Amino acid sequence: MPSVALREPWQDLGHQRNSAVLGMWLFLGTEILFFGGIFAGYSVYRFLHTADFLAAGRETNIYYGSVNTLVLLVSSFVMSLGSRAARAGLFRFARLCFPVTAVLGMVFLTLKGFEYNDDLEKHLFPGASGFPLPEAGAGLFWAFYWVATVVHTIHLTVGIGAVFRLQILSRDDPQWLNDSPSAEVTSLYWHFVDCIWVFLYALIYLPGRS
Amino acid sequence: MSDITAGAYEYSRTPSIGAVDNYLTHGRTLRSWLVTTDHKRIGILYALSITVFFFIGAIAMAIVRLDLITPAPDLVSDDTYNKLFTLHGIVMVWFFLIPSIPATFGNFMLPLMIGAKDVAFPRLNLTSWYLFVIGALFTIGCIVAGGVDTGWTFYTPYSSQYSHGFVIPAAAGVFITGFSSILTGLNFITTIHSLRTPGMHWFRLPLFVWAMYTTSAVMILATPVLAMTLLLMSAERFFGIPIFDPARGGDPLLFQHLFWFYSHPAVYIMILPAMGVVSEIFTCYARRRIFGYSFMVYCMVGIAVVGFFVWGHHMFVAGQSPFANLVFSFMSFVVAVPSAIKVFNWTATLYRGQITFESPFLYCLGFLWLFTFGGLTGLVLATVPLDVHLTDTYFVVAHFHYIMVGGSVSAFFAALHYWWPKITGRMYDEAWARFAAILMFFGFNLTFFPQFIMGYAGMPRRYHAYAPEFQIFHVLSTAGAAVLGAAYALPALYLLWSLRRGERAGPNPWCATGLEWQTESPPPRDNFRTPPVVVAAPYQYHSETHGPDYQHRDIERAQGTV
Ligand SMILES: [Cu+2]
């Protein structure tokens, strides 16, 4: 009997897997260009207002940023273990890794929430009145901070949902984890969201701190 | 005629007399259409949706053209005028032209042309249609609520700070529709990589498939940048954060760079599919192999790649550095080279062909003329000193309409007539179709040629009060628009008529060589009763040694046989 993971129009699971992985890579190509708009804008303004950006960067909270970077890197490691385990048939281990990954993602979101709260208490939202930094470029820095981190947070939330989806769909039929490309594709997406954060970390928390 | 398709394909055609099971009869309820994952039905869903938008955009422009008959701004208010041309631009670019050929004929034909059962991700395909519909609802909502007046380009700081229109709903509509075209592109590329039938090597792909491949690549890489640009603009407008605001250190030119990084390649999203269509049709009605197949492929790839590095030609007078102007001007000349090669190759394909002037061929001839003219005037605009004179005049309007309407829309109608028998199983009335094709060509030129002249003479775009010496050109243009409108409406009549009364088409009414003609019309749900096997290159309209070239007297003379 063919696996339930096999979908139209595919004839075999391997072919389906390769194509799904290709599709996800193409999607990540789109995503890179999507974030590319932010990175391009940030770079131009940092070039135009270098000193202002360094001053603004010093106002970020590097502790939240660093801990969150660590959390996401560990989550990516666990996600890798999970998707490899799914391929190797170690379904119980895989089904242990996925919830850990998702919880680490939620830890990130929680810390990010605390950080946003602190930022708002310090009036570091350039659209509202009382923005404390006088430099022209500082407002731009913080505008990009908010847009970039919020867009990243939305991506991470989608990722957490996708990881839970693996857990739910494999509850009654762990073999599905092996047959379906879902685990591998979800893992790719997760690593991408993680990579974007690593870049954001360097661009947001490190300026003005060397 | 016997050697026309001989040896090109091995396939067994199941005797299909009396076979009624096709993709149209596979389910007859409305629900069966709304949850379909059949690429052919999704193509038709797209076709119906974009037709609605084509008429919305056309009505907006009809009012504008009526207003422009007199120099005085008498028909609509200034504000309404701005909203009408904005609506026309947004609707025609994102809700008609971008999805026009790829999402309809691409969806329908691509799997058939490579011998596949469906696209790689059928459910994702349906998702992209729903995304299109959601984006469309935002746009319609924006129109009903009162419209938007920024122009289709959403330039900041007007859009982000001063406009009183519904900028964010309009941008949201474009944003969401953008993801529909991204997902379509992703689906097509994966399909072409993964689902080619045995023997369909990369260099045996029909050029329409290559056109879809290169278009998809541009969709995937350009559209997300537009999405982020609109997101940043909307964030500035909604939250008041500084992003492009020059008063707070921002740079409006950055917006233009990001916007045109998408919007110039978007022209290739519109024209590459048209080039694919024309290659299919010229070969078929001239009974000729394509001239320089591999060059046609490399040219499309070249256009897609170089097209990403010319966007600055929209900003020659916006305050860009002279060095940047020079580079972008040069690159714009470079990107014209592969387009020109294609035009020459099409012409060479027709040379010594056994041409019959069926309506799809007439539309393609129209394409060839109008695209060439639009392309050459593009070179005029790519020349910095000339652009300083011509920028923001009707010359620009005429130029891009020659490419996007004269080129892409002509090719869209060519594709519609060429594949109509395959899609519906019926033949339309050829005499009416030829009449419509010719009418469209003349209507188009009457509409847009006067715009070159008045633009050169200094008529600025986007104004509805103008100096009286331009009136004659505006009157001609409006008269042309009426003719053009009739030419667009005519096919709706005879094509609908053909659905009931048209002759049965049979599998291959044009004796064409593509795989899509090797199955029934309309095709069955799974496209082919027996998976086809490909054993030769496309366009085998004549064998290597019996083509028109071979029997040409010049060649015989060269060989000393005459
Ligand atoms: Cu351009």
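The values are calculated or read from the model by the stated rules, or taken from the named source; none is laboratory data. The model shown is predicted, which means the values in this text are computed figures rather than measured ones. As a convention, Cβ positions derive from the backbone with ideal geometry for all residues, glycine included, and neighbour counts pool all protein chains shown. Each accessible area value is taken on the protein alone, full model and side chains, heavy atoms only, with ligands, DNA and RNA left out. Shrake-Rupley method; radii C 1.70, N 1.55, O 1.52, S 1.80 Å.
One table, with the values for the structure above:
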item	result
Any hit, the range A:44-62, residues being open to solvent by less than 60 Å² (accessible area, probe 1.4 Å), assigned to a loop (DSSP other than H, G, I, E, B), of a type in the set (S, T, N, Q) and closer than 19 Å to A:ALA143 by Cα	yes
Residue match in the range A:21-30 (condition: touching an Asp or Glu at 6+ places or on another chain (Cβ under 8 Å) and modelled with pLDDT under 95)	no
Residues of the range B:389-407 classified as of a type in the set (Phe, Trp, Tyr) and surrounded by fewer than 21 Cβ atoms within 10 Å (Cβ to Cβ), total	1
Tabulated pairs, the range B:52-68, first part of a helix (DSSP H, G or I), second open to solvent by 50 Å² or more (accessible area, probe 1.4 Å) and of a type in the set (Asp, Glu), C-beta under 9 angstrom, 6+ apart or interchain	B:ASP67/B:ASP74
Total residues in the range A:67-96, condition open to solvent by 20 Å² or more (accessible area, probe 1.4 Å) and over 15 Å from the mean Cα position of the chain (by Cα)	11
Some residue of the range B:251-267 being among the aliphatic types (A, V, I, L, M), within 29 Å of B:TRP419 (Cα to Cα) and either open to solvent by less than 40 Å² (accessible area, probe 1.4 Å) or touching a helix residue (DSSP H, G or I) at 6+ places or on another chain (Cβ under 6 Å) (or both)	yes
Odd one out for A:PHE98, checked against (1) part of a helix (DSSP H, G or I); (2) touching a residue at least 24 places away in the same chain (Cβ under 8 Å); (3) more than 30 Å from A:VAL4 (Cα to Cα)	(3)
The range B:374-384, subset crowded, with 20+ Cβ neighbours inside 10 Å and either over 17 Å from the mean Cα position of the chain (by Cα) or closer than 22 Å to B:SER543 by Cα (or both), residue farthest from the ligand (Cβ to nearest atom)	B:THR377
Residues satisfying the stated conditions in the range B:320-336, i.e. more than 14 Å from the ligand (Cβ to nearest atom) and within 14 Å of another protein chain (Cβ to nearest Cβ)	B:SER321, B:ALA324
Answer from B:MET300, B:MET315, B:MET296 - the residue that is more than 12 Å from chain A (Cβ to nearest Cβ), within 16 Å of the ligand (Cβ to nearest atom) and open to solvent by less than 10 Å² (accessible area, probe 1.4 Å)	B:MET315
Candidate set: the range B:385-402, residues that are among the aliphatic types (A, V, I, L, M) and in contact with a Lys or Arg (Cβ under 7 Å, 6 or more places away or on another chain); chosen: the one nearest to the ligand (Cβ to nearest atom)	B:VAL396
Unique residue being more than 20 Å from B:ILE303 (Cβ to Cβ), touching a Leu at 6+ places or on another chain (Cβ under 8 Å) and more than 16 Å from the ligand (Cβ to nearest atom) when the list is B:GLY199, B:GLY250, B:GLY276, B:GLY240	B:GLY250
Residues of the range A:118-148 satisfying the condition of being surrounded by fewer than 20 Cβ atoms within 10 Å (Cβ to Cβ) and either assigned to a helix (DSSP H, G or I) or more than 11 Å from chain B (Cβ to nearest Cβ) (or both)	A:ASP118, A:ASP119, A:LEU120, A:GLU121, A:LYS122, A:HIS123, A:GLY130, A:PRO132, A:LEU133, A:PRO134, A:ALA136, A:TRP146
Filter result for the condition that a residue is within 14 Å of chain A (Cβ to nearest Cβ), over 27 Å from the mean Cα position of the chain (by Cα) and over 17 Å from B:ASP79 (Cα atoms), over B:THR184, B:THR156	B:THR156
The range B:424-435, residues that are open to solvent by 10 Å² or more (accessible area, probe 1.4 Å), assigned to a helix (DSSP H, G or I) and not hydroxyl-bearing (Ser, Thr, Tyr)	B:GLU430, B:ALA431, B:TRP432, B:ARG434, B:PHE435
Residue match in the range B:256-266 (condition: assigned to a helix (DSSP H, G or I), within 16 Å of the ligand (Cβ to nearest atom), under 16 Å from B:VAL167 (Cβ atoms) and within 9 Å of chain A (Cβ to nearest Cβ))	no
Residue within the range A:63-70 that is in contact with a helix residue (DSSP H, G or I) (Cβ under 9 Å, 6 or more places away or on another chain), more than 14 Å from chain B (Cβ to nearest Cβ) and hydrophobic (A, V, I, L, M, F, W, C) present	yes
Sole residue being surrounded by fewer than 17 Cβ atoms within 10 Å (Cβ to Cβ) and within 14 Å of chain B (Cβ to nearest Cβ), chosen from A:VAL158, A:VAL151	A:VAL158
Odd one out for A:ARG7, checked against (1) among the basic types (Lys, Arg); (2) within 30 Å of A:ARG209 (Cα to Cα); (3) within 14 Å of chain B (Cβ to nearest Cβ)	(2)
Selection within the range B:122-148 - surrounded by 24 or more Cβ atoms within 10 Å (Cβ to Cβ) and either among the charged types (D, E, K, R) or within 14 Å of chain A (Cβ to nearest Cβ) (or both)	B:ASN125, B:SER128
Failed criterion for A:VAL4 (all others in (1) open to solvent by 40 Å² or more (accessible area, probe 1.4 Å); (2) modelled with pLDDT of 95 or more; (3) β-branched (Val, Ile, Thr) hold)	(2)
Meets criteria (within 16 Å of the ligand (Cβ to nearest atom), more than 14 Å from chain A (Cβ to nearest Cβ) and either modelled with pLDDT of 95 or more or open to solvent by 40 Å² or more (accessible area, probe 1.4 Å) (or both)) for B:TYR351	no
Counted residues, the range A:13-39 - those being of a type in the set (A, V, I, L, M), over 14 Å from B:ILE182 (Cβ atoms) and within 7 Å of chain B (Cβ to nearest Cβ)	2
Selection count where residues are part of a helix (DSSP H, G or I) and under 19 Å from the mean Cα position of the chain (by Cα), scope the range B:201-227	18
Residue within the range B:546-557 that is at pLDDT 90 or above and loosely packed, with under 15 Cβ neighbours inside 10 Å present	no
Matching option when the condition is open to solvent by 40 Å² or more (accessible area, probe 1.4 Å), away from chain A (no Cβ under 14 Å) and more than 11 Å from the ligand (Cβ to nearest atom), among B:PHE282, B:PHE291	B:PHE291
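Here is a yes/no grid of residues against (1) open to solvent by 20 Å² or more (accessible area, probe 1.4 Å); (2) out of contact with any Gly (no Cβ under 6 Å at 6 or more places or on another chain); (3) outside any helix (DSSP H, G or I):
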{"site": "B:VAL409", "(1), (2), (3)": "no, yes, no"}
{"site": "B:PHE412", "(1), (2), (3)": "yes, yes, no"}
{"site": "B:LYS422", "(1), (2), (3)": "no, yes, no"}
{"site": "B:ALA437", "(1), (2), (3)": "no, yes, no"}
{"site": "B:LEU446", "(1), (2), (3)": "yes, no, no"}
{"site": "B:TYR463", "(1), (2), (3)": "yes, yes, yes"}
